[in-house]
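Peer 1: Next up is a structure, given as structure tokens.
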Amino acid sequence: MDLCSLVILGYSDDGDDPNADSCIDPVLRDDIQNALNKVTDHSCKGIVKALLFNLNRPGWAVNCVDFGAASLDGIVQDMNFCAYIGVVSPYLYDIRMGKIDMS
């Protein structure tokens, strides 16, 4: 799988799952949901720990953004994360990059 994903707006083969458009691998979606069901620390740190502990996905970076009640939009500014929508004609790409902590 590439670090970028093609965005196809308005099409989903799984109308009951709101994540089907942005996470097209049904096995990964199930694995994520199962890991989230095991979260005991309801913070981004706890969620990331649960995902990393329960998912065996070497090379994958995990990013969590807590959209609290005060959030007005989906803009997050962090030097270690980049969400970028780019056009490589004629395709539109949604690119998400996260710096992996190597410490």
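Peer 1: Residue under question is residue 73, and the condition is that it be closer than 22 Å to residue 19 by Cβ, of a type in the set (D, E, K, R), over 16 Å from the mean Cα position of the chain (by Cα) and at pLDDT below 75; does it hold?
Peer 2: So residue 73 fits the description; yes.
Peer 1: In addition: Answer yes or no: is there a residue in the range 78-86 that is surrounded by fewer than 13 Cβ atoms within 10 Å (Cβ to Cβ), under 19 Å from residue 21 (Cα atoms) and either of a type in the set (Phe, Trp, Tyr) or modelled with pLDDT of 80 or more (or both).
Peer 2: Looking for residues that are surrounded by fewer than 13 Cβ atoms within 10 Å (Cβ to Cβ), under 19 Å from residue 21 (Cα atoms) and either of a type in the set (Phe, Trp, Tyr) or modelled with pLDDT of 80 or more (or both), one finds at least one in the range 78-86, hence yes.
Peer 1: I've got another one for you. Would you pick out the residues in the range 14-29 that are of a type outside the set (S, T, N, Q), farther than 17 Å from residue 60 by Cα and either exposed (fewer than 12 other Cβ atoms within 10 Å of the Cβ) or touching a helix residue (DSSP H, G or I) at 6+ places or on another chain (Cβ under 8 Å) (or both)?
Peer 2: The answer is 14, 15, 16, 17, 18, 20.
Peer 1: Something else now. Failed condition for residue 62, given (1) at pLDDT 65 or above; (2) of a type in the set (A, V, I, L, M, F, W, C); (3) out of contact with any Leu (no Cβ under 6 Å at 6 or more places or on another chain), with all others met?
Peer 2: Going through the list (1) at pLDDT 65 or above; (2) of a type in the set (A, V, I, L, M, F, W, C); (3) out of contact with any Leu (no Cβ under 6 Å at 6 or more places or on another chain), residue 62 breaks only (3).
Peer 1: Restricting the search to the range 16-32, which residues are in contact with a strand residue (DSSP E or B) (Cβ under 9 Å, 6 or more places away or on another chain) and among the polar types (S, T, N, Q)?
Peer 2: Within the range 16-32, just 22 meets the criteria.
Peer 1: How many residues are assigned to a loop (DSSP other than H, G, I, E, B) and surrounded by 13 or more Cβ atoms within 10 Å (Cβ to Cβ) when one looks only at the range 30-56?
Peer 2: Total satisfying the criteria: 2.
Peer 1: OK, next. Residues in the range 14-23: is at least one within 23 Å of residue 99 (Cα to Cα) and modelled with pLDDT of 80 or more?
Peer 2: Within the range 14-23, one or more residues are within 23 Å of residue 99 (Cα to Cα) and modelled with pLDDT of 80 or more.
The values are calculated or read from the model by the stated rules, or taken from the named source; none is laboratory data. Note that the structure is predicted; figures quoted are calculated from it, not measured. Note that we place each Cβ from the backbone using ideal geometry, even for glycine, and neighbour counts take in every protein chain shown.
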